[in-house]
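Taken together, the values in this text are just the output of simple stated rules run on the coordinates, not laboratory data. Small disclaimer: the values here were computed from a predicted structure and weren't measured. Note that each Cβ is placed from the backbone with ideal geometry, even for glycine, and that neighbours are counted across all protein chains shown.
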Amino acid sequence: MKTSHVDGGLPAPVQLPASEVDATQAAQLSREIRRLAEERNAVILAHNYQVPEVQDVADFVGDSLGLALEAQKTDSERIVFCGVHFMAEAAKVLNPDKKVLLPHLSAGCSLADSITPESLEDWKERYPDHTVMTYINSSAEVKALSDICCTSANAVSVARSLPTDKILITPDRNLGQWVARQLPEKDFAIYDGVCPTHDVLRGANVEKTREEHPEAIVIAHPECREDVLALADEICSTTAMMERVARYPEAKTFLMATENGIIHQLRKQYPDKTFVMADGCIGCRLHCPYMKVTALTHVQRALEEDVFEILVPEDVAEGARRALQRMMAVPRD
Ligand code: CIZ
């Protein structure tokens, strides 16, 4: 594995978990999963950050919002959500009559865990005049205590659409600061959570990688720090990344400042382009351990045993649904 990184300030590279099955077994398992999905009347959704073989077995691959919308369109009785817990929860909130299954119960999210109902109440007391805009990476309970939700795909449009000038953005500090820089006319309070996978990257790492790829276009996720975003040609959600590449027909190489799962779809869609992780190392730091716990065997078990069902108490779901539906009513820019 080729590594290229700036010394200091970053943890040692980690190895990608070895796939527990070889290619032949993966193909067999995938066929069995597709058979089970049909038998069980299930749709399989996979986030852009899932391991390649899970992305490949899914009916739809996308970001949390896109997948929740797919979930609303489906006639299937079951939704197998290959992503992390808050995403499956949002799908359940928006689709209360469907059975939503999360194949691996350890698929959590450090950013979502950084905000609790109690800590949000505390911030709301400190900023009583602020409208609360909460990023999708949060629990249903936190969403229920918020006025409106946003995703990385619509955060600026949602903040702009609010009739108030005072907005409390939770829980992602980097995304919040990015939104605030674009709307200087508004007054933002910003919670102090981060996604460790994105926050670990520094501008110096991107510059170092760019020395080897001086012509490369840099595409960054808004969960990255400001010094990384300052180097980016494009800043957007994972799904938008798939489209933004097409804006650069002459470019050969793209440096991706987001979780490494995105590379799989990009390479499928643009086989003639080269995609390099912005830290110069595909299995190093831009790697979410929670997104990568789900393997094909877990998807198979989810379908065979109908596990693990995600349930949200109706009073919580009602509040979370209100915040999500307000977001969905905001027109996209
Ligand atoms: O909304 C999502 O799915 C997240 C958390 C990131 C992205 O941009 O896809």
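Between LEU105 and GLU318, how many nm apart are label points set 7 Å from Cα along the C-beta direction?
My value for the distance between the label points is 2.9 nm.
Rounded to the nearest 5, what % of the DSSP beta bridges within the chain are antiparallel ones? Intermediate results must be reported in sequence, preceding the final value.
Values: 1 of 34 bridges.
Given both bridge residues lie in the chain, the antiparallel proportion sits at roughly 5 percent.
Counting other C-beta atoms within 10 Å, and keeping those with at most 13, which DSSP coil trypsin sites (Lys or Arg not before Pro) do you find in region 232-332? Spell out each step's value before the answer.
On the way: sites: ARG244, ARG247, LYS252, ARG267, LYS268, LYS273, ARG285, LYS292, ARG301, ARG321, ARG322, ARG326, ARG332; in loops: LYS252, LYS273, ARG285, LYS292, ARG332.
Here the trypsin sites (Lys or Arg not before Pro) that fit, given the DSSP loop and packing criteria, are LYS252, ARG332.
Going by Cβ distance under 4.7 Å, what cysteines of the chain have no possible disulfide partner?
Cysteines lacking a close Cβ partner in the chain: CYS82, CYS109, CYS149, CYS150, CYS195, CYS224, CYS236, CYS288.
Taking a ≥ b ≥ c as the square roots of the eigenvalues of the Cα gyration tensor of region 259-301, is the shape rounded (a/c under 1.5), prolate (a/b larger than b/c) or oblate? Show your work: numbers first, answer last.
Numbers: a/c = 3.98, a/b = 1.45, b/c = 2.74.
It comes out oblate by the Cα gyration axes.
Measuring from a point 7 Å past the Cα of THR274 along Cα-to-C-beta, which residues in region 199-214 have an amide N at less than 16 Å?
What the label zone holds, given the 16 Å backbone N cut-off, is 208-214.
Under 17 Å Cα-Cα from LYS143, which lysines qualify once same-chain neighbours fewer than 8 residues away are excluded?
Filter leaves LYS92, LYS124.
Whats the longest run of the chain with zero GluC sites (Glu not before Pro) that are DSSP loop and have at most 13 other Cβ atoms within 10 Å? Don't skip to the end; give the middle numbers.
Working: sites that count: GLU20, GLU77, GLU185, GLU215, GLU250.
The longest uninterrupted stretch comes out as 78-184.
What does the charge count around ASP199 come to, taking other residues whose C-beta lies under 15 Å from its C-beta (Lys +1, Arg +1, Asp -1, Glu -1)?
Net local charge, ASP199 excluded: -4.
Report the local net charge at ARG173: Lys and Arg +1, Asp and Glu -1, summed over other residues whose C-beta lies under 14 Å from its C-beta.
-4
Residues in region 287-328 near a label at GLN28, defined as backbone nitrogen under 14 Å from the 7 Å Cα→Cβ point?
297
Which residue, LEU303, PRO313, THR238, has the largest displacement toward the positive end of the dipole of region 224-333 when charges sit on each Cβ (Lys, Arg +1; Asp, Glu -1)?
Selected residue: THR238.
P(r) for the chain: what percent of alpha-carbon pairs falls in each 20 Å bin, starting at zero?
Percent of pairs per bin, in order: 32, 59, 9.
Identify which of ALA323, ALA23, ALA90 has the largest mean-square fluctuation in a Gaussian network model of the chain, with springs joining Cα atoms closer than 10 Å.
Evaluated over the chain, the most mobile residue of the options is ALA23.
So what's the net charge close to LEU105: Lys and Arg +1, Asp and Glu -1, counting the other residues with Cβ under 13 Å from its Cβ?
Taking every Cβ under 13 Å from that of LEU105, the sum is -2.
What is the spin-label model distance, in nm, from SER119 to THR297 if the labels are put 7 Å beyond Cα along the C-beta direction?
Placing both labels 7 Å beyond Cα along the Cβ direction yields 3.4 nm.
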